[in-house]
Amino acid sequence: MGNHNKIDYIEFPCRDFARTKSFFAEVFGWSFTDYGPDYMAFSDAGLEGGFFRSELESTQAAGGALVVFYSANLEQTLAAIRKAGGKIELETFEFPGGRRFHFREPSGNEFAVWTDT
């Protein structure tokens, strides 16, 4: 069966390559490969992908897909995001099965982090 018809790669818009790269490397331990001035790929994220140069941003309110990270320590991840320059979009809330919060990285894309603890 392999990877046929499976999500294989994801791409996001990015207005500030340096800040976005620094943010994801610091908070989530991602690695990056630059492919010219308008594209950078990331790895070590659970799913590989990239950022393309754009003034646009991906948010749930604008119809963008919400990518959700898992954390074994939600408070620690929240603190790391704030320290690295992320902006909390939606404070931590409970839902059946866990807790989560939403944040924006330095280029404005919205993500969420959840935990089941």
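Observations, loosely collected:
- Across the stretch 6-44, the residues whose backbone nitrogen lies under 18 Å from the label position 7 Å along the beta-carbon direction of R53 are 12-22, 33-42.
- Think of the chain as a dipole: +1 on every Lys or Arg Cβ, -1 on every Asp or Glu Cβ, centred on the Cα centre; then among W30, A84, W114, A84 lies furthest on the positive end.
- Order of H102, H4 under a 10 Å beta carbon neighbour criterion, fewest first: H4, H102
- 3J(HN,Hα) along the stretch 81-93: 5, 4, 4, 7, x, x, 10, 6, 8, 9, 4, 4, 9 Hz, from the Karplus curve 6.51 cos²θ - 1.76 cosθ + 1.60 with θ = phi - 60°, whole Hz, x for Gly and Pro.
- With neighbours defined as other Cβ atoms within 10 Å of a residue's Cβ, the residues T33, T115 order from fewest to most as T33, T115.
- Between the entries (i) 116; (ii) 103; (iii) 128, the label attached to volume of the Cα convex hull per residue in Å³ calculated for this structure is (iii).
- In a reduced charge model with +1 at each Lys and Arg Cβ and -1 at each Asp and Glu Cβ, the stretch 10-115 shows a dipole moment near 240 debye about its Cα centre.
- The amide H of F12, built 1.01 Å from its N in the peptide plane, has G50, F51, F52 as neighbours under 5 Å, considering only residues 5 or more places off or on other chains.
- Beta bridge orientation in the chain: antiparallel %, DSSP, nearest 5: 70 percent
- Using θ = phi - 60° and Karplus 6.51 cos²θ - 1.76 cosθ + 1.60, couplings along the stretch 46-63 (whole Hz; Gly, Pro as x): x, 8, 7, x, x, 10, 10, 5, 6, 8, 7, 9, 9, 9, 4, 4, 8, x
- Long-range HN-HN contacts of T92 with modeled amide H, under 5 Å: none
- Note that the stretch 14-26 has calculated 3J(HN,Hα) couplings of 8, 9, 10, 4, 4, 5, 5, 4, 4, 4, 5, 5, 5 Hz, one per residue in order, obtained from phi through the Karplus relation 6.51 cos²θ - 1.76 cosθ + 1.60 (θ = phi - 60°); glycine and proline are x.
- Between the amide H of G64 and those of T59, distances stay under 5 Å, these residues lying 5 or more places away or on another chain, with hydrogens modeled in the peptide plane.
Each value in this text was obtained by applying a stated rule to the coordinates, not by laboratory testing. Predicted model, so just to flag it, every value in this text is computed and none were measured. Heads up, the Cβs are rebuilt from the backbone with ideal geometry, glycines too, and the neighbour counts pull from every protein chain shown.
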